[in-house]
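Inspection log for the structure reproduced underneath, given as structure tokens.
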């Protein structure tokens, strides 16, 4: 299977919570990232989590990591139409992490219905 | 700071033509990357340069060459363009380090090969 896997599409109603899931295979992954791509733009870092953490919260964003199952999720509370975008999960390793390119999933396209 | 800039924004080539995509960053980053993005395929790494003077192949290097001209600039060359190279190309940069790091992306170059 793919190194980093995500479902391709998610549709939610405005005001609901969105949960975007990601699984990865490489247990040496030390940092796991969520990037957002708005239409016609490049990717921007949303948040990241270190592999020894279970959860990280940043305003409306909650990242959950299950290291045993190699499962990462991004929850967006009170989803707004401005959250419509493609969300990429990515993994990196700690050893010379700046040298080693991140490995990205294929991205989940989130559509928010007003 | 402009961040990561790419030129051109759009390009149409005929099969067999050559061109160079330019990328520059003003963040004094050591590492730079070239990705292509295709529908349903996510981001695929073409080449990267961990530091000035070094370049390495990524997942899909065939048909491309790169030059790390200096610390700021990293160019991608298509010697003989093919329709399969129709894609959106993103350049990114990051700092070296052993912790979490952010890859900063340019706005992309939309290339069509007819």
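Selection of strands (runs of 3 or more DSSP E) fully inside region A:1-86 by the criterion of at least 2 residues being surrounded by 16 or more Cβ atoms within 10 Å (Cβ to Cβ) and in contact with a strand residue (DSSP E or B) (Cβ under 6 Å, 6 or more places away or on another chain) returns A:4-6, A:9-13, A:18-24, A:31-37, A:43-50, A:61-66, A:71-76. For region B:71-84, filtered to residues that are more than 10 Å from the chain's Cα centre (by Cα) and surrounded by 18 or more Cβ atoms within 10 Å (Cβ to Cβ), the residue that is nearest to residue A:49 (Cα to Cα) is B:78. As for region A:92-109, it holds at least one residue that is within 14 Å of another protein chain (Cβ to nearest Cβ), surrounded by fewer than 20 Cβ atoms within 10 Å (Cβ to Cβ) and part of a strand (DSSP E or B). The set of residues in region B:12-44 that are part of a loop (DSSP other than H, G, I, E, B) and touching a residue at least 24 places away in the same chain (Cβ under 8 Å) comprises B:14, B:15, B:16, B:17, B:18, B:26, B:27, B:28, B:29, B:30.
Counting the residues of region B:58-74 that are part of a loop (DSSP other than H, G, I, E, B) and over 14 Å from residue B:36 (Cβ atoms) gives 4. For region A:8-36, a residue qualifies if it is closer than 22 Å to residue B:45 by Cα and over 11 Å from the mean Cα position of the chain (by Cα), and the qualifying residues are A:8, A:24, A:25, A:26, A:27, A:28, A:29, A:30, A:31. Scanning region A:30-57 for residues that are farther than 26 Å from residue B:108 by Cβ and without any contact (Cβ under 8 Å) to a residue 24 or more places away in the chain turns up A:49, A:50, A:51, A:52, A:53, A:54, A:55, A:56, A:57. When residue B:51 is tested against (1) assigned to a loop (DSSP other than H, G, I, E, B); (2) away from chain A (no Cβ under 11 Å); (3) within 29 Å of residue A:50 (Cβ to Cβ), only condition (2) is not met.
Applying the criterion of being surrounded by fewer than 17 Cβ atoms within 10 Å (Cβ to Cβ) and within 13 Å of chain A (Cβ to nearest Cβ) to the residues of region B:10-27, the residue that is nearest to the chain's Cα centre (by Cα) is B:10. Comparison of B:110, B:77 shows that the only residue that is modelled with pLDDT of 95 or more, within 11 Å of chain A (Cβ to nearest Cβ), farther than 17 Å from residue A:104 by Cβ and not in a loop (DSSP other than H, G, I, E, B) is B:110.
For every residue, the table says whether it meets (1) loosely packed, with under 15 Cβ neighbours inside 10 Å; (2) more than 13 Å from every other protein chain (Cβ to nearest Cβ); (3) closer than 14 Å to residue B:110 by Cα.
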{"site": "B:8", "(1), (2), (3)": "yes, yes, yes"}
{"site": "B:45", "(1), (2), (3)": "no, no, no"}
{"site": "B:55", "(1), (2), (3)": "no, no, no"}
{"site": "B:61", "(1), (2), (3)": "no, no, no"}
{"site": "B:69", "(1), (2), (3)": "yes, yes, no"}
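The values are calculated or read from the model by the stated rules, or taken from the named source; none is laboratory data. Note that the structure is a prediction, hence the values are computed from the model and not measured. When we count neighbours, we look across all protein chains shown, and the Cβ atoms used for this are built from the backbone with ideal geometry, even at glycine.
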